[in-house]
Amino acid sequence: QKEVEQNSGPLSVPEGAIASLNCTYSDRGSQSFFWYRQYSGKSPELIMFIYSNGDKEDGRFTAQLNKASQYVSLLIRDSQPSDSATYLCAVKGTGGFKTIFGAGTRLFVKA
Amino acid sequence: DAGVTQSPTHLIKTRGQQVTLRCSPKSGHDTVSWYQQALGQGPQFIFQYYEEEERQRGNFPDRFSGHQFPNYSSELNVNALLLGDSALYLCASSSPGLVGETQYFGPGTRLLVL
């Protein structure tokens, strides 16, 4: 079992739709959770972090965390073609300093 | 406010050679982490430096070593390069004072080993 798992996609949504990206993690004691966006050939760019159960909203983005189910999600409302990128889920585990990344989900937003 | 910077941007080496990559953290950050990202994969943690000490290491061989300087900048050294070391090398900076120790990435160094 991978420590952080994401559906590799690609996930294709029409412009203006809601894109839903999902991530599961194996370390039940994990405390901090991050979503990064990575455009092709570029470095990851932080979108949001969350560390409490529930929802956290920032503009068109909502992160959802369910520690009991070891599940993190990212919703992108009113998706735009410029949102087309790979979305990386990252988890900071217990007892250490490293952040573990999933392999990423490729998102395509069709105009 | 300068973000994380890395040099060089691109590098081509041959098998068996050695390489040094450099990173300057974002202003106000004192912690530097290095990651290797192969094509189509997520970043893999190599190690983290804080107060000039390596404080955690990922599953990478001893050929990968690093250093942090008093100004918090850092170097990643890779010896005896293998073809499989070809990847994007990312530096991320953070600070223990930040909520969740959120990391911010530099633009990366793309290494090609021939």
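The values are calculated or read from the model by the stated rules, or taken from the named source; none is laboratory data. Predicted model only: the values in this text are computed from it and were never measured. Quick reminder, even Gly has a Cβ in these numbers, built from the backbone with ideal geometry, and neighbours come from all protein chains shown. Just the protein is used for accessible areas: all its heavy atoms, side chains included, with ligands, DNA and RNA removed. Shrake-Rupley method; radii C 1.70, N 1.55, O 1.52, S 1.80 Å.
Among the conditions (1) at positive phi; (2) touching a strand residue (DSSP E or B) at 6+ places or on another chain (Cβ under 8 Å), the only one that residue A:72 does not satisfy is (1).
Are any residues in the range B:38-51 under 14 Å from the mean Cα position of the chain (by Cα), more than 8 Å from chain A (Cβ to nearest Cβ) and assigned to a loop (DSSP other than H, G, I, E, B), and if so, which ones? Selection gives B:38 alone. The sole residue among B:88, B:81 that is in a loop (DSSP other than H, G, I, E, B) and either in contact with a strand residue (DSSP E or B) (Cβ under 8 Å, 6 or more places away or on another chain) or under 24 Å from residue B:12 (Cβ atoms) (or both) is B:81.
Within the range A:7-27, restricting attention to residues that are within 11 Å of residue A:91 (Cβ to Cβ) and not hydroxyl-bearing (Ser, Thr, Tyr), the residue that is farthest from the other protein chains (Cβ to nearest Cβ) is A:27. In this entry, residue B:95 is excluded by the filter for residues that are crowded, with 19+ Cβ neighbours inside 10 Å and either more than 14 Å from every other protein chain (Cβ to nearest Cβ) or within 24 Å of residue A:33 (Cα to Cα) (or both). Candidates in the range A:4-53 are the residues that are outside any loop (DSSP other than H, G, I, E, B) and of a type in the set (D, E, K, R); of these, the one that is surrounded by the most Cβ atoms within 10 Å (Cβ to Cβ) is A:37.
In the set (1) open to solvent by 40 Å² or more (accessible area, probe 1.4 Å); (2) within 14 Å of residue A:25 (Cβ to Cβ), the condition left unmet by residue A:72 is number (1).
Based on what the data block shows, is residue A:100 more than 14 Å from every other protein chain (Cβ to nearest Cβ), of a type in the set (Val, Ile, Thr) and open to solvent by 20 Å² or more (accessible area, probe 1.4 Å)? Answer is no for this residue. Can you spot a residue in the range B:71-83 that is of a type in the set (Gly, Ala, Ser) and within 14 Å of chain A (Cβ to nearest Cβ)? No; the residues of the range B:71-83 include none that is of a type in the set (Gly, Ala, Ser) and within 14 Å of chain A (Cβ to nearest Cβ).
Check B:108, B:58 and return the single one that is within 14 Å of chain A (Cβ to nearest Cβ), surrounded by 15 or more Cβ atoms within 10 Å (Cβ to Cβ), among the small types (Gly, Ala, Ser) and on the phi > 0 side of the Ramachandran plot. Of B:108, B:58, the one residue that is within 14 Å of chain A (Cβ to nearest Cβ), surrounded by 15 or more Cβ atoms within 10 Å (Cβ to Cβ), among the small types (Gly, Ala, Ser) and on the phi > 0 side of the Ramachandran plot is B:108.
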